[in-house]
Amino acid sequence: MESLASARKEEIDMQEAADTGQVFNYLTQPEVRFLDAAAARLIPADDLGPGAKEAGVSTYIDRQLNSVWGSHGRNYRQGPWPEGTPYQGFQSRLTPREIYRAGIREINVHCLKQYQKAFEFLAPGEQDAVLKELEGGRIELSSVSAKLFFGLLLRNTMEGFFADPIYGGNRDKIGWKLVGFPGVPPSNYNDLIDEHNVLYRVEPVSILDIQQGRAQLDAQGLPKHKRLKETE
């Protein structure tokens, strides 16, 4: 019976991945749902535009976790592991993959005890309360520091919202459009250097746009930016 239940769960997870059109290489579907819910509270959609969930931050995080960074394949990992200062950077014996897997599982255990629901099913106000407790280190997780988990989650959410879409996040260049970032420098950037305090409103161009042939390039391979009208 247990093997049948496990097979059924795997089938449901695969169907959910197919329904969303996203393929995740490391994260499970319950982990993706947790990250979608958390990202939607850290950078929510509002009247200024879509938020981190819509930007595909969970896809960005999954790709990072499935990379060498996720396994700390290039990091020294022999210890010792004393508690570091804020200025000493990452000090955990756990890899980012392990932090996410253990952290999400244990936060959901906390939510089930506190609210009788997993994090993804909590009301927005309850999700905000859990995130604030994680940020302040007021939730006791057995495998990982709550503050460490929250710090990693927040940093990766911001990265996924603003990084080039080639890394899986910033879908439709949502983050760049929000702040007016033009992306890859244009072919005529030398002509623009002396234009101080002049609003530069263009359709952003990403590395992914260039790779996929969606950007018009000059002879040097630099993009030609398309100016936006004032009403756009």
* **C-alpha long axis of helix 2-20 to longest principal axis of the chain, angle in °** => 20
* Spatially proximal lysines relative to K147 (Cα-Cα < 28 Å; intrachain offsets below 8 disregarded) -> K53, K113, K117, K132
* Asked: Got a sec? Charge dipole of the chain, +1 on Cβ for Lys and Arg, -1 for Asp and Glu; which of P86, L112, G56 is way out at the positive end?
  -> P86
* 0 to 90° range, to nearest 10: angle between helix 124-135 axis and the chain longest Cα axis -> 80
* To do: Set the Förster radius R0 to 22 Å, insert the Cβ-Cβ distance between R227 and D46 as r into 1/(1 + (r/R0)^6), and round the FRET efficiency to 0.05.
  => 0.25
* Asked: Using modelled backbone amide H atoms (1.01 Å from N, in-plane), which distant-in-sequence or interchain residues come within less than 5 Å of V202's amide H?
  -> L228
* **Percentage relative contact order, region 182-232, counting C-alpha pairs under 8 Å, at least six apart** => 46
* To do: Of all alpha-carbon pairs in the chain, indicate the percentage at a distance above 22 angstrom.
  => 61
* For region 105-118, 3J(HN,Hα) per residue [Karplus equation, 6.51 cos²θ - 1.76 cosθ + 1.60, θ = phi - 60°, Hz, x = Gly/Pro] -> 4, 6, 5, 5, 4, 4, 5, 5, 6, 7, 10, 6, 9, 6
* State to the nearest 20 debye the size of the charge dipole of the chain about its Cα centre, where the only charges are +1 on K and R beta carbons and -1 on D and E beta carbons. => 460
* **Cα-based helix-to-principal-axis angle, 146-162 vs the chain, degrees rounded to 10** => 30
* For region 40-53, Karplus couplings with θ = phi - 60° (6.51, -1.76, 1.60), whole Hz, Gly/Pro x -> 5, 9, 6, 10, x, 5, 8, 5, 8, x, x, x, 5, 4
* Is region 182-232 best put as rounded, prolate or oblate by its Cα gyration tensor, with a ≥ b ≥ c the root eigenvalues, rounded for a/c under 1.5, and otherwise prolate when a/b is larger than b/c, oblate when not? -> oblate
* To do: Quote to one decimal, in nm, the extra length available between F90 and D172 on full extension: 0.36 nm per residue of separation minus the C-alpha distance between them.
  => 26.4 nm
* To do: Search the structure for amide H atoms under 5 Å from the amide H of G183, placed 1.01 Å from N in the peptide plane, and list their residues when 5 or more places away or on another chain.
  => V205
* Structure fact -> Taking the chain and counting helices only, DSSP H stretches of n ≥ 4 at -39,500 (n - 2.57) each over all residues, the nearest-500 ellipticity at 222 nm comes to -14500 deg cm²/dmol
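Read-outs: derived from the displayed coordinates by stated rules, not from any lab. All figures in this text were calculated on a predicted structure; none of them were measured in a lab. Every residue, glycine among them, receives a Cβ derived from its backbone with ideal geometry; neighbour counts consider all protein chains shown.
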